[in-house]
Each structure stands twice: as structure tokens, then as C-alpha cells.
């Protein structure tokens, strides 16, 4: 009897051990995901460099969007495109039920930053744009992370829905705002994103709310010497507006940022211009202050038109909210970023990095800092830029990271960032982001309590505010880069 009892206990122990072994834990899933991403390094590198070469501007990212959509379809996703009235926007989904986890993917380039992947200023002949913010890496890493999570759902190791959102025109076009306004995030439980940078860190920095517009003045043409009294200069109106706004800078909250470029100012000095245009951005940490200051800029435009006997109209181009930070999700992502770690440079990459750093006129951190991970900040900071991810963060709990795709010290929107993004330095940083997002996704799928806590924090932060797009009900500004 005792022998039979012992054999029974042994069999139960073996069965229990077998069941535990057949049901992988989070660490097993994360290790598998990282190994799988490493195995596809060359594939994702090729996708990113193709998009780097396309260098398509906001709302014109036809090839870039198509390549990412094809990659997702080839890997089993159902892709819905176009969406929200934007030809290059898409939503790719796999799985069913809860939780629904979204990953943001950007892919637009910047004008005026054409650059070869070399450590000195050298534009690519025939190209106007360049990926000075690394969105070729952004979109590719997000797609890669989404595919890894899809594979785990397919293998029944996690359950729920994974979505990859193809979000165009982040650089001033506010693409995500239209997608939020369209309700495309209404059933999402959490959103993951990232951004290229010169360090490895979880985002604990908010973004400035932003409202932008193009002001167009209409006057009368005439010969500037023979009949100046018959003309009404639209350029005079633009310059008058700019003067008034510059005087206004003394009388706005000190955190306010106002910038402009004259996009059209006439063609010949001896022809009084009957049309001129100036493109303005207004930013501040608080969305309500942005609205107030922007209205004062509009009044300056009206005053300029009145004083120069011209007419003015304006078109809202973009408008984005500040970025809500979700500490619950940030703490989860920090653990995964620590697990993944930073990047290491080869001898050739170190030499490249030194040459890049030598082009700066300011002090820079050591190149070795790319291999480290910044500890999670104890307090949120106010950022200096703006992003349409802010609007997503007012719709659903959102978390992001930055990874070292540029050598330490490199500022965004620079030719140096474009150059780094076209090399292995950029690709290595991209894979850090892909791994961190995939691992964070595993935690969100496997532990429902994380989402519960993140939603409670989100609800508290949003409070009684009812989301309203700062760009109003306008249709996407598809030609804002023209």
C-alpha cells in the first residue's frame, strides 16, 4: 500500500512539473521575443533603411506606409487603410477580445534635411527631406514589436488583441489627432510608443501643447517704383504681424514658445506682392494657455491687415495636447528597458561617433553613455517639443521610451541625426526599442492588474476634462507641406 502511494505521489509530481514546464512564464516569453527579434535584425534593418531613403514628408509617406502595411499583412495582420480621411494612415490588428494593446508607428521625414549617412554635412543630390527625427526607425521598431506579440497570441501563449497604428505626419501635421477624433482608440486599454533619441530612458517628460496655422495676406500688385501708391503689400502685412507678435513675447507666460517662417513673400523686389504667407506655431505646457495666446496672434494678424489695407485669412494646420505621463506603465516599461540594456559601438562606430560629436559647438556626453539606461525619474518634467501622442494620452493610458539611435549629444532635427539614422548606430537603437516595447506588451497581456492600475491613474489625471481637438473639426491638412 505504501509503495502504491509513493508511486502515485511521484506521478502527480511529474505531471505537475510537466504542466508548469509547458506553461511558459513571462521571462520565457520575453527571452523568446528578444531572440526572435535578433534573428530578424537584417530584415528590420532593410525596412528601416528603405524608409530612410524614401524620406517622405507628412501625409505624403506613400511608399513608407505601404512597406509597413505589407510587412504586417505578410505576418498575419488584418490591415485597415486608409483611415480617418488620411491616405497613409492605417490600423493593423490581430487577435480578439481584451486586453486591446496599441502600438504607435510613425514614418514621416522633415523638409530641408537631406543628408548622406556620413559624419560631415553632405546632402543627397535630388532629395529635399531627411529623417532628422528618426521616424523611419520609429515605424519599423513598432511593427517589429507588434509582430512579436502577434506570434505569442497565435501560439496561444497570451490572449487579447494587438494593434499597430500607422500614424502619419507627426511633424506638424497632427495625424494622430484625427485618428483620436475618429474614435480609433476608443476600445484600447493601453498604448505603447517610443522615440529615437541620444539616450536610453523611459519617457517621464511631458510635451508642450501646440496650435499652428498659416496666415495668408492678400493685397494689390503694382510697380514698386512707377506706381507704389496703387499697390497694397501683403509682405508689409506679414512683417507688421511678425513685429506685433515679437512685441507680444514680453507679455505672455514665460513658458510660451512662438515661432514662424515666412513661406511666401513675393517674387521680385520691383513688384509689390499681392500675396504673402507666414506659418506660425504657438506652444505652452497647458492647452488652455495655447488657445489664449493663439487668439492673440490672430488679433495681431487682423491688426496687420487693417494697418496695411490688406485682407487676411488663416488655416489651422495642427493642434496637439500636452502629454500625460502614466507612472504605472512607466515603471513596468523601465524594468523591461533595464532588462534589454543599451547599445555598444564597434571601433568603426566609435570613430564615426567622434566625428559627429566634433561638429557640435557644445559639450557632449561620452559615447559610452549609449550603453547605459537612465534610471526612472522620480518627477515628471516639462518638455520643449510637441507631439500628437499627447492627444492619444488623453484617450487611453499611454507609455513611451527613448532609445539611443543617435550618438550622445546629437539633437533631433539635425543633419547629424539623419546621418546616424542611416547607419548601424540607428538600427541598434531601434532594436532596443523594439525589444522593450515587445517585453512591455507581454506584461500588459499577462497581468490584468497593471492595466487596472494604469486606468485608475489615467482617470484621475484627466479628471472632468472632455477631450476636444485643438484643431477643431477641420479635415486633415493633407497639403500642409506644399
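Determine whether residue 169 is surrounded by fewer than 24 Cβ atoms within 10 Å (Cβ to Cβ), in contact with a helix residue (DSSP H, G or I) (Cβ under 6 Å, 6 or more places away or on another chain) and part of a loop (DSSP other than H, G, I, E, B).
No.
Taken as a whole, the structure leaves residue 327 outside the set of residues that are closer than 25 Å to residue 58 by Cβ and either surrounded by fewer than 22 Cβ atoms within 10 Å (Cβ to Cβ) or not assigned by TED's automatic domain parsing to the domain that holds residue 454 (or both). Residues of the stretch 103-113 that are surrounded by 20 or more Cβ atoms within 10 Å (Cβ to Cβ) and either outside the structural domain of residue 190 (by TED's automatic domain parsing) or out of contact with any helix residue (DSSP H, G or I) (no Cβ under 8 Å at 6 or more places or on another chain) (or both): 110 alone.
Among the conditions (1) touching a residue at least 60 places away in the same chain (Cβ under 8 Å); (2) over 27 Å from residue 60 (Cβ atoms); (3) in contact with a strand residue (DSSP E or B) (Cβ under 9 Å, 6 or more places away or on another chain), residue 196 misses just one, which is (2).
Residue by residue, here is whether (1) modelled with pLDDT of 95 or more; (2) more than 30 Å from residue 135 (Cα to Cα); (3) part of a helix (DSSP H, G or I) holds:
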{"site": "9", "(1), (2), (3)": "no, yes, yes"}
{"site": "12", "(1), (2), (3)": "no, yes, yes"}
{"site": "17", "(1), (2), (3)": "no, yes, yes"}
{"site": "43", "(1), (2), (3)": "yes, no, yes"}
{"site": "46", "(1), (2), (3)": "yes, no, yes"}
{"site": "53", "(1), (2), (3)": "yes, no, yes"}
{"site": "58", "(1), (2), (3)": "yes, no, no"}
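Are any residues in the stretch 182-193 at negative phi, surrounded by fewer than 19 Cβ atoms within 10 Å (Cβ to Cβ) and out of contact with any strand residue (DSSP E or B) (no Cβ under 6 Å at 6 or more places or on another chain), and if so, which ones? Once the filter is applied, which keeps residues that are at negative phi, surrounded by fewer than 19 Cβ atoms within 10 Å (Cβ to Cβ) and out of contact with any strand residue (DSSP E or B) (no Cβ under 6 Å at 6 or more places or on another chain), the stretch 182-193 yields 182, 186.
So, residue 374, is that one surrounded by 14 or more Cβ atoms within 10 Å (Cβ to Cβ), touching a strand residue (DSSP E or B) at 6+ places or on another chain (Cβ under 6 Å), not in a helix (DSSP H, G or I) and not assigned by TED's automatic domain parsing to the domain that holds residue 441 or not?
no
Within the stretch 442-455, restricting attention to residues that are over 12 Å from residue 332 (Cα atoms) and in contact with a helix residue (DSSP H, G or I) (Cβ under 8 Å, 6 or more places away or on another chain), the residue that is surrounded by the fewest Cβ atoms within 10 Å (Cβ to Cβ) is 446. In the set (1) within 21 Å of residue 106 (Cβ to Cβ); (2) outside the structural domain of residue 200 (by TED's automatic domain parsing); (3) surrounded by fewer than 16 Cβ atoms within 10 Å (Cβ to Cβ), the condition left unmet by residue 473 is number (1). Taking the criterion of being touching a residue at least 60 places away in the same chain (Cβ under 8 Å), assigned to a loop (DSSP other than H, G, I, E, B) and over 31 Å from the mean Cα position of the chain (by Cα), the residues of the stretch 212-259 that qualify are 219, 233. In this structure, is residue 83 more than 18 Å from residue 115 (Cα to Cα), touching a residue at least 60 places away in the same chain (Cβ under 8 Å) and touching a helix residue (DSSP H, G or I) at 6+ places or on another chain (Cβ under 8 Å)? It is true that residue 83 is more than 18 Å from residue 115 (Cα to Cα), touching a residue at least 60 places away in the same chain (Cβ under 8 Å) and touching a helix residue (DSSP H, G or I) at 6+ places or on another chain (Cβ under 8 Å).
A residue that is without any contact (Cβ under 8 Å) to a residue 60 or more places away in the chain and part of a strand (DSSP E or B) occurs somewhere in the stretch 67-78. For residue 132, state whether it is modelled with pLDDT of 95 or more and either within 16 Å of the chain's Cα centre (by Cα) or surrounded by fewer than 23 Cβ atoms within 10 Å (Cβ to Cβ) (or both). Here the answer is yes, as residue 132 does meet what is asked.
The values are calculated or read from the model by the stated rules, or taken from the named source; none is laboratory data. Since the model is a prediction, treat every value here as computed from it, not as a measurement. Using ideal geometry, Cβ is built from the backbone for each residue, glycine included, and neighbour counts are taken over all protein chains shown.
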